[in-house]
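These notes concern the structure reproduced below.
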Amino acid sequence: MRMEIYGCPACAKPLGMESGAILDAQITASSEFNGNHAAKQGRLNFLAVPGKAGSWSARTNDVNQWIEVKLPGYKG
């Protein structure tokens, strides 16, 4: 899904998950299919390159899989 907000130039700039402002270490997942499908590959608009798929994939295909982004300042 894509959403665009018109009249908001700052909204067109890449943010955290796409820009890299959120570090790889802040992105975790319940599992990873393999090293080529790691949680950090779950970034927005992440493109496949040799040795890295263009997405995160869970090891198990079930409803218990998740991806988490730890944001600064959150104490949970």
Scan segment 20-39 for residues that are part of a loop (DSSP other than H, G, I, E, B), more than 10 Å from the chain's Cα centre (by Cα) and closer than 20 Å to R59 by Cβ and jot them down.
S30, S31, E32, F33, N34
Would you say Q65 is closer than 19 Å to I22 by Cβ and modelled with pLDDT of 85 or more?
no
Based on this model, can you work out whether K13 counts as in contact with a helix residue (DSSP H, G or I) (Cβ under 8 Å, 6 or more places away or on another chain) and either closer than 21 Å to N61 by Cα or at pLDDT 90 or above (or both)?
no
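Filter segment 40-60 for residues that are closer than 20 Å to L71 by Cα and in a loop (DSSP other than H, G, I, E, B); which is modelled with the lowest pLDDT? Walk me through it before giving the result.
Step one: list which residues in segment 40-60 are closer than 20 Å to L71 by Cα, which gives 40-46, 56.
With the extra rule that they be in a loop (DSSP other than H, G, I, E, B), the set shrinks to 43-46, 56.
On the way: R43: 89, L44: 85, N45: 85, F46: 82, W56: 91.
Here the answer is F46.
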Contact list please: Cβ distance under 7 Å, first residue in segment 19-34 and free of Cβ contacts under 8 Å to residues at least 60 places away in the same chain and over 13 Å from L71 (Cα atoms), second residue among the aliphatic types (A, V, I, L, M) and in a loop (DSSP other than H, G, I, E, B), pairs at least six apart or on different chains.
A29/A58; S30/A58; S31/A58; E32/A38; F33/A58
Considering only segment 22-32, state which residues are surrounded by fewer than 16 Cβ atoms within 10 Å (Cβ to Cβ) and of a type outside the set (S, T, Y).
L23, D24, A25
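Out of segment 40-66, which residues are surrounded by 11 or more Cβ atoms within 10 Å (Cβ to Cβ) and within 9 Å of the chain's Cα centre (by Cα)? Lay out the reasoning, then the answer.
Applying the first criterion (surrounded by 11 or more Cβ atoms within 10 Å (Cβ to Cβ)) to segment 40-66 yields 40-43, 46, 48, 52-59, 65-66.
Result: K40, Q41, G42, R43, F46, S55, W56.
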When both residues are 6+ apart or on different chains and their Cβ atoms are under 7 Å apart, which pairs have a first residue that lies in segment 48-67 and is within 17 Å of I27 (Cβ to Cβ) and in contact (Cβ under 8 Å) with a residue 40 or more places away in the chain, and a second that is among the aromatic types (F, W, Y) and surrounded by 11 or more Cβ atoms within 10 Å (Cβ to Cβ)?
I67/W56
May I ask you to list the residues in segment 35-47 that are in contact (Cβ under 8 Å) with a residue 12 or more places away in the chain and among the aliphatic types (A, V, I, L, M)?
A38, A39, L44
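The values are calculated or read from the model by the stated rules, or taken from the named source; none is laboratory data. Keep in mind the model is a prediction, meaning the values are calculated, not measured. Here the Cβ is made from the backbone with ideal geometry for all residues, glycine too, and neighbour counts use every protein chain on show.
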